[in-house]
Amino acid sequence: MPVTSDTGLDQFRKSIDNLDAALIHLLAERFRLTKQVGQHKAERGLPASDPEREQRQVARLRAMALAAELDPEFAERFIRFVIEEVIRHHERLKQAAAE
């Protein structure tokens, strides 16, 4: 059965595609900044992770998610994934600085 054009659906999808692009660019910028943090930490011999800051971030983003009517569990899983990636990158930078 041939697919017919659905202007409304096409507009929704175009908006979603634009938001996806914005998310990717924002994540890229976030990781550029966290790379600088990781280099700073590595140069000063600081630990790759900061559990207290991470907990504050999780709590802050859960509250923001609630205010935005986004599932706070989803927001927490997302930010924890990002934090784990950042820590992994920081650990690599620390190892490279030690070599």
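Laboratory data are not the source of any read-out in this text; all were calculated from the coordinates shown. Remember, predicted model here, so these are calculated numbers, not experimental data. When we count neighbours, we look across all protein chains shown, and the Cβ atoms used for this are built from the backbone with ideal geometry, even at glycine.
What per residue convex hull volume, in Å³, comes out for segment 9-98 when only alpha-carbon positions are used?
Working: hull volume 8.9 nm³, N = 90.
Output value, Cα hull per residue: 99 Å³.
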Problem set entry | Low-density loop cleavage sites - GluC sites (Glu not before Pro) in segment 32-83, where at most 12 other Cβ are within 10 Å (DSSP) | 69
Problem set entry | Per-residue HN-Hα couplings for segment 69-80 [Karplus 6.51, -1.76, 1.60; θ = phi - 60°; Hz; x = Gly/Pro] | 6, 10, 4, x, 5, 4, 4, 5, 4, 4, 5, 5
For this session: For the chain, set up a Gaussian network in which alpha carbons nearer than 10 Å are linked by springs, and say which option among 83, 24, 16 fluctuates the most.
Result: 16
Seminar exercise, completed: For segment 11-18, in residue order, the Karplus 3J(HN,Hα) values (coefficients 6.51, -1.76, 1.60; θ = phi - 60°; whole Hz; Gly and Pro = x) are 5, 4, 5, 5, 5, 4, 4, 5
